[in-house]
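The values are calculated or read from the model by the stated rules, or taken from the named source; none is laboratory data. Just so you know, these numbers come straight off a predicted model, no measurement behind them. Glycine also receives a Cβ, built like all others from the backbone with ideal geometry; neighbour counts cover every protein chain displayed. When the accessible area is computed, the model is the full protein with side chains, heavy atoms only, and any ligands, DNA or RNA have been set aside. Shrake-Rupley method; radii C 1.70, N 1.55, O 1.52, S 1.80 Å.
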Amino acid sequence: DCSAGRDTKQRLYIKKVLGGLVGFCHNCGKGGFTRYLDTDGSSLRKWLFDKDACYPKILPNDDRCMPCTEVRSPEILLWLSQHCVEHKSPRFTEGLGTRLRLQLQNAYGEDCGVQYRDFSGRKGASKYKTYFTSSKFTDPASWFTSQNTFPQSLVITEDYTSAYRVFRDTHYASLALLRTTLSDKTLTHIANKSFSKIVIWLDPDEAGRKGAERIYRRLKYFLPSSIDLVLTDNDREPKELSTKELRSFIDTF
C-alpha cells in the first residue's frame with residue numbers, strides 16, 4: 001500500500017528495536033513505528049538478549065494481585081525453614097496452588113509488584129514469575145530498606161530470599177536484582193542513595209560470577225572512587241547461611 005505505487009525494488013526496511021518495530025520505505029520516503037502489545041517489551045528483549053530469560057511483566061494500574069494466605073503448604077514451609085525464613089512474614093505468603101508469593105518493593109519502600117516461586121515441579125514450568133505494577137514500577141528489582149533510617153552499606157544479591165535475609169539479619173540494606181544484570185534505573189537509584197560501601201554477592205555459579213564481575217566493573221566506572229566496592233567470593237548464597245554465619249561473614253567487610 002505504498003503511496004508512491006508498487007515497490008518493485010523491495011526497498012521497505014524493518015528493524016527490531018526495544019519495544020517494537022521501526023519501518024522505513026525508500027520508495028516513498030515515509031517511516032513508522034509499531035509497538036509490541038506487551039507493556040514492558042519483554043518479547044523483544046528476549047529476542048535480543050536471551051530467549052530463555054525471565055523478564056518482569058508490567059501489570060495495569062487497576063490490576064489486582066491474586067489472593068494470598070498464610071503459608072500452610074508442607075513443601076513450602078520446609079523450603080522456608082531451610083532458608084531461615086519465618087512463614088508468617090508479610091513478605092512471604094502463599095498464592096493460589098503450589099506457589100510462594102513474594103512481595104516486591106521499589107526504591108522508595110512502596111509495594112510495587114509480586115514474584116511467584118513455583119513448587120509444582122511441572123516439567124517446563126518456570127520456577128519464578130515476576131510481575132510489577134505500572135504505577136509503582138521504578139526498576140526491575142526489589143529493595144529492602146528501613147522506613148526510618150537508611151544504612152550506609154548495601155548488599156546486592158541475585159534472589160529475593162537472600163536479599164531478605166541480609167536485610168533482616170544484618171545492619172545492611174539489600175537489593176534483589178531478580179537476575180544477574182544491573183539495569184540503568186537500578187544503577188541510578190544506587191547512586192542517589194549515597195552508600196559508602198556496596199557488596200556484590202550473587203549466586204556462586206558461572207552466570208552469577210560473570211554477572212557479579214560485570215556489575216562490579218560498571219559500578220566502579222559509574223560511582224565515585226570514595227565508595228568501597230566489594231566482590232564476594234563466598235561459595236554459598238546468603239539464604240543458605242545461618243543467622244550467625246551471615247552476620248559473621250558480613251562483619252568481615
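Miscellaneous remarks
- C112 long-range amide H proximity, modeled H, under 5 Å: L104, Q105, N106
- If you wrap the Cα atoms of the stretch 141-223 in a convex hull and average its projected area over all directions, you get 4.9 nm².
- Accessible area per residue in Å² at 1.4 Å probe, computed on the stretch 64-209: 45
- K129 sits among other residues whose Cβ lies under 10 Å from its own Cβ, and their net charge, with Lys and Arg +1 and Asp and Glu -1, is +3.
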